[in-house]
1. Hey, what number do you get for the chain at 222 nm if only DSSP H runs of n ≥ 4 count, each worth -39500 (n - 2.57), divided across all residues, to the nearest 500?
2. Counting chymotrypsin sites (Phe, Trp or Tyr not before Pro) as exposed when in a DSSP loop with at most 14 other beta carbons within 10 Å, what is the longest stretch of the chain free of them?
3. Hey, quick one: spin label on residue 98, modelled 7 Å out along Cα-Cβ, who in region 53-81 has an amide N within reach, i.e. under 16 Å?
Amino acid sequence: MRKIQITFERTGELATAVLEEENAPLTCNAMWQALEQPIVTKGIHAGWAGRMVSVEVPQANRVFDPTSVPKENLTVYPIPGDICFGYFPPGYGVGITEEYWDLALVYGRETRFEFSFGPAPMTVWATVDEGLDDLAAGCLRTRTEGLQAIRVSRLG
């Protein structure tokens with residue numbers, strides 16, 4: 001069973017998540033490959049989606065072709081603890097002029113993956129198994145204090 005760890009760098013809150021290998025095997029493999037080196041970047045609180053922090057996958061971690069990964073385990077209405085991936089090519093919606101690789105950290109209810117034009121399904125590829133309260137506290141801080149440094153790494 002493969003797992004990842006999500007850490008808020010400044011405050012040390014952390015959560016672990018189990019990969020959804022039965023439901024999203026190809027996405028799990030692609031994201032595991034992307035995490036050969038940890039993702040370290042700033043998370044931004046969602047504007048439209050609700051209780052979710054968006055972590056853009058940095059260029060250095062974009063080691064697979066996102067168009068080759070099929071749609072798996074899709075949802076528009078994630079639940080707290082879902083870790084999701086979505087690829088949005090240029091022109092996907094108003095204001096999307098460059099491709100966007102989104103790693104979504106869902107921390108609360110009333111969350112939905114939508115753009116200004118409607119639903120944008122994303123793949124649930126991992127589920128938090130420990131530290132959901134810490135994940136929620138760190139994510140909420142991005143809403144109240146602004147951008148937060150986040151590290152997403154392989155565990156073990």
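1. -4500 deg cm²/dmol
2. The reported range is 49-116.
3. Taking a point 7 Å out along Cα→Cβ of residue 98, the residues of region 53-81 whose backbone N falls under 16 Å are 55-63.
Each reported figure results from applying straightforward, stated rules to the coordinates on display, with no laboratory input. In this text the structure is predicted, and so the values were computed from the model without any measurement. Because the Cβ atoms are built from the backbone with ideal geometry, glycine has one as well, and the counts that use them run over all protein chains shown.
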